[in-house]
Each structure stands twice: as structure tokens, then as C-alpha cells.
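A short write-up of the structure that comes next.
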Amino acid sequence: LMGKQLKVIDYIGNHRSFLIKPRTLLQLGAGDGEVANALNNLEAGTMDLPPGCSVTYDLEATDILRALLRQTGGQDRLRAYSMEFRERHGVRPSATEAFHDGYDPKSARPRHASWIRFVQVMGDLSEAQVVAYQQIGSFLDALEVTPMTKSFKMVVLLAMLAEDGLPGAVTIERLVERVGVLARRYGLVRTELGDALDDPATLRALLEKHPIDAWTEGRGTGGTGFFTYEDGRFASRFELQGAEREAAQDLIREIVDWRMAVYLRRVGAGTGADRIVCKVSHASGRPIVFLPPRERMAGIPEGWVDVEVDGTAYQADFKKIAVNVLHAEGAEANGLPEVLRGWFGADAGLPGTSHAVEFIRQGDRYVLRPIRGLREDELALWQTYPRAKVPPLFGFEFKGFESQLGVVERPGVTLLFVTLDKSGQPEKHKYQDSFLSPTEVRWQSQNKTSQASESGQRLARHRELAITIHLFVRARAKAGGKTAGFVYCGPVEFQRWEGEKPITVWWRLAVALPEGMRAGLRVPGA
């Protein structure tokens, strides 16, 4: 609201102390919902201000602030979240990121028909993605809503993408092999496949029965078969080329990843009462917690149970389908709404959100805690980050022309930014950077760097000097007409080097590059 607050300051003049730094004074998080909640508490006289602070306001001032807040319907919450995410990160959220951040992508459907259509209306599709959506939009829209009683539909598509066969075709032999690899990454998928995972013939028969028959016969996709299966080849009925094909793959992968995330949370969150994952919903305007179906999960307690929340002892009332009351020891008031809103803000459990919590058994009690996506200040392996957003994760900002450099140094840390495709670069800047295997990278320094220089020694002796080298890689500078972000590949270890000005260095990754990313980052044999 900072831009809007300037207008309010001009209008009401004498309320500058309230408007200049309201988030600090009122201890607010991000989002308009937090401001709306603060206004409600302020008017009710329940605002918890820092010691010695007070707020003077009048009805005219609060009315103006309320008018400036974005609408808070389900779709409007998603729109506001998407805009705020883009402002913070420089890119739009993916469907999975929105889901993990507590905003439900499917809430876009009543107005926009699908998540991808919503993204297009927001102006966040690249030109190539717009063209791809025009050609395969019916498939993408069906992919969002096709029923999932098991994970097989999505796992088969992930396997095709990993084989670079979607759009296109994959032989059943390669499909079976790739599904086996993917299944071992997901405990739930491994359980669903059971003994078939160890017998290629049985796994092939299972996939041919379901989901290949469902995809080819149009079951769950409105009667439209988007695939064919002939002579041992599973193929899409749609074909795209060039940039449009790459854009189509990105959109398909986004929807499949989201569907898998929802499915794994819904079905595979826990296999017993040691971990109970629950959706946050609402009743009579108050957030409550819905339990998973008891017929699916054994051991869910009933009645009053000791629960710890952020170090405080409570008792929770486990009803048949929900937990809607949480009492602190010695208190009669229901503390559950306050706890949930403290975690998720004023939107906790409202339509259009996908907030979730988990009960973790510890001895004879449970610990209740929120399930969140990554915070802004967290760095995650294999996630993509705009270059400008990386330094704050390490506690500093770019200086001068550092935002254009491939090597950025600070005490105790060196960041390597690598773009693999050097086409369009001057000949002197076409450094020989490439993956040699899923765990090994060959990289070249700037032309001015020698082995004896301070920068050279920081690279070769980084362990001795207590310097961590972090690698960020992207396939090319542009993706769909927009500046591409960098994939975080984690810390790397110096192996050897050769040459001078530039130096060629061989680095080893601590964790192997995931199979699904190897083709995109040009790993040999992927």
C-alpha cells in the first residue's frame, strides 16, 4: 500500500504518524488482508501495539484506507497475491508456488476457466506461451481438472517430459523405465505401484491398463483423447516446434507439478496418526481445521488432546471431521482462530486459499504447526531465482556493475552465475561452460583472471579460506522473450584447474542434478 498511502497522507494531513510506517508500528506482514485485519482490531480496541505506542485515528481515515484495499474474494485474493509475488520476485508465481503459499490456483476457474488463462489475463505469459496455449489450450485446461484417484496419469506425463517426448512420442520401453525412476522419488507413488515397480512386464501392463487407456480414450478429459498408443509408442495428438514447443513443455510441466503437489498433500500426507495433515477452512467466518477422512487414516484421536503450538500448551477438541476449538491451559476462549490467523493472516481458511497445517505426534501429545511454502529469505536447491534476488539471500546487494558479472565475491562466499548458451555473445566472452555429468561442471573464469591472482586463489583454496562457492545456472539468457532466472545448484567443490586468463576449472556438485532438469541444462546423455 505504500504508493497509495502517499495519497492518503496528502488527503488527511495530520495522520502522518499512522501512515508513514504502519507495518512496523502495527507489526503487519505482507498483503492487504493483514491491513484489513489490523483496521478491524484497531476499531475494536484489540490492537496489540508495542509498549508506549498508541494510534489516533478517525472514521474518515479508516474509511479511506478500507477503500484503498484490494477486494478480498477468492479470485481477487489470488490476483492480489500474484501481483505482490511479481513485485517481490520479478517473475510471476507458478501454480505450485501459489498452492504452497496458501493460494488456490483453481479459484481462478469461475472467472477465467483455468489457471493458465488467468496467468494470460494477468499479462504473464510469454509470446511463445500465448501461441502454445492457443494450440493446446484444451489439453492444458483438461489437465487441470482430470480426476486423479491415483498418481499414474501425472507420473506418465512427467516421464514423457523427462524423455523430451511431450509433445511427441515415447516408446513403451522407455516410458516404463522412466516411470520406474520417477516412482522411486515419491514414496506414495512407489507404494501405489507396489511389486510392479520391480517387474518391467508387470509395470508395462499396469500402465497400459491405466493411465494410457484413459489418456487415449478420453476418460476424465471430456471424451477427447489427447494421446494415441500404437505399435508400442505412446504419443500426443498435438505437435509444436521450436520456441512454441519449449513453451508448451513449460506450461504442461507447471500444471503437472501442481496436480502432483495437491495429490501428494491430499492422499500421501501421512500413513497414520503420527502425522495428520489438515486443510484450513472456515465456519461462521472463523478459520477451523478439517481432518482427513477417518476411514482413510487410522489412529486419528477423538475428544480432547494435548497439543503444543509455538511452545504454548493447548488442548484441542478432535471432532469427527474437524478441530474447531483450541483452548490454552486455564483459558476458556477459543484460541484456534487467533493461532491460524497469526500464521496465515486475515485470509486464513477463506475461499480461494489452500492453507494447511499438520499435527505431529511427540510422545503422548501433538505439535500443531503450519505447512508453508518457502519464505522469501530461504534458498532452495533446484529452485529458479532472478539474478537480482540472489544477493539478499546471502545478506548483501549488488554494487555497481556486479549485476552483470558472472562472479560475485563477498567475505566467506562466492556466487557463480553461469549461462550455458553463449550464442550472441562476443567471441571473447564465449566461455566454455558446460555440465560434463550430473555432478561435474567445467567452467571458465574471466579472461583477466590468473591462477596466482586473489580471485584465482579464492577459487582453488576456497575450503582452506572458509569460502563457500555457490553455483547458479541457466540454459540461456532469455526464455519466452523474457530474462531467464538461474537454477540454484548448491555449493560446489574445486576439483582441478588448468590454463591462464582464462582459467578452466572443474567443479563437483554436492548433490546430483535431478534427472528431469538434465536435458534442459544440456547434461551429456540426458
**Request:** Read through the list (1) under 27 Å from the mean Cα position of the chain (by Cα); (2) of a type outside the set (Gly, Ala, Ser); (3) not in a loop (DSSP other than H, G, I, E, B), then give the number of the only condition that residue 325 fails.
**Result:** (1)
**Message:** Just checking, does the range 492-504 include any residue being within 21 Å of residue 251 (Cβ to Cβ), at pLDDT below 90, surrounded by 14 or more Cβ atoms within 10 Å (Cβ to Cβ) and of a type outside the set (D, E, K, R)?
**Reply:** no
**Asked** Scanning for something of a type outside the set (S, T, N, Q), part of a loop (DSSP other than H, G, I, E, B), open to solvent by less than 60 Å² (accessible area, probe 1.4 Å) and within 26 Å of residue 484 (Cα to Cα), does the range 352-375 turn up at least one residue?
**Response** yes
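The rows are residues; the columns are (1) in contact (Cβ under 8 Å) with a residue 24 or more places away in the chain; (2) in contact with a Cys (Cβ under 7 Å, 6 or more places away or on another chain); (3) small (Gly, Ala, Ser); (4) within 30 Å of residue 522 (Cβ to Cβ).
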position: 134; (1), (2), (3), (4): no, no, no, yes
position: 146; (1), (2), (3), (4): yes, no, no, no
position: 172; (1), (2), (3), (4): yes, no, no, yes
position: 181; (1), (2), (3), (4): yes, no, no, yes
position: 190; (1), (2), (3), (4): no, no, no, yes
position: 202; (1), (2), (3), (4): no, no, no, no
position: 215; (1), (2), (3), (4): yes, no, no, yes
position: 239; (1), (2), (3), (4): yes, no, no, yes
**Item:** Candidates 319, 399 - the one that is more than 27 Å from the chain's Cα centre (by Cα), over 30 Å from residue 90 (Cβ atoms) and open to solvent by 60 Å² or more (accessible area, probe 1.4 Å)
**Value:** 319
**Message:** Among the residues that make up the range 260-276, is at least one of them at pLDDT 90 or above and open to solvent by 50 Å² or more (accessible area, probe 1.4 Å)?
**Reply:** no
**Asked** In the range 78-108, how many residues are open to solvent by 40 Å² or more (accessible area, probe 1.4 Å), in contact (Cβ under 8 Å) with a residue 40 or more places away in the chain and more than 15 Å from the chain's Cα centre (by Cα)?
**Response** 1
**Asked** Within the range 449-516, which strands (runs of 3 or more DSSP E) (wholly inside it) include 3 or more residues that are of a type outside the set (Ser, Thr, Tyr) and in contact with an Asp or Glu (Cβ under 8 Å, 6 or more places away or on another chain)?
**Response** 504-509
**Residue check for residue 515: more than 23 Å from residue 178 (Cα to Cα), of a type in the set (D, E, K, R) and surrounded by 14 or more Cβ atoms within 10 Å (Cβ to Cβ)** = no
**Item:** Residues located in the range 517-526, provided they are on the phi < 0 side of the Ramachandran plot and part of a loop (DSSP other than H, G, I, E, B)
**Value:** 519, 520, 521, 523, 524, 526
**Request:** Kindly provide the set of residues from the range 283-305 that are touching a helix residue (DSSP H, G or I) at 6+ places or on another chain (Cβ under 9 Å) and either of a type in the set (D, E, K, R) or at pLDDT 90 or above (or both), ordered by number.
**Result:** 286, 287, 288, 289, 296
**Item:** Filter result for residue 455 (open to solvent by less than 40 Å² (accessible area, probe 1.4 Å) and hydroxyl-bearing (Ser, Thr, Tyr))
**Value:** no
**Asked** Considering the range 222-256 alone, what residues qualify as being in contact with a strand residue (DSSP E or B) (Cβ under 7 Å, 6 or more places away or on another chain), open to solvent by 60 Å² or more (accessible area, probe 1.4 Å) and outside any strand (DSSP E or B)?
**Response** 237
**Asked** Hey, among 339, 325, which residue is touching a helix residue (DSSP H, G or I) at 6+ places or on another chain (Cβ under 8 Å), at pLDDT 90 or above and on the phi < 0 side of the Ramachandran plot?
**Response** 325
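The values are calculated or read from the model by the stated rules, or taken from the named source; none is laboratory data. Here the structure is a predicted model, which means the values were calculated and not measured. Note that each Cβ is placed from the backbone with ideal geometry, even for glycine, and that neighbours are counted across all protein chains shown. The accessibility values were calculated without ligands, DNA or RNA, using every heavy atom of the protein model including side chains. Shrake-Rupley method; radii C 1.70, N 1.55, O 1.52, S 1.80 Å.
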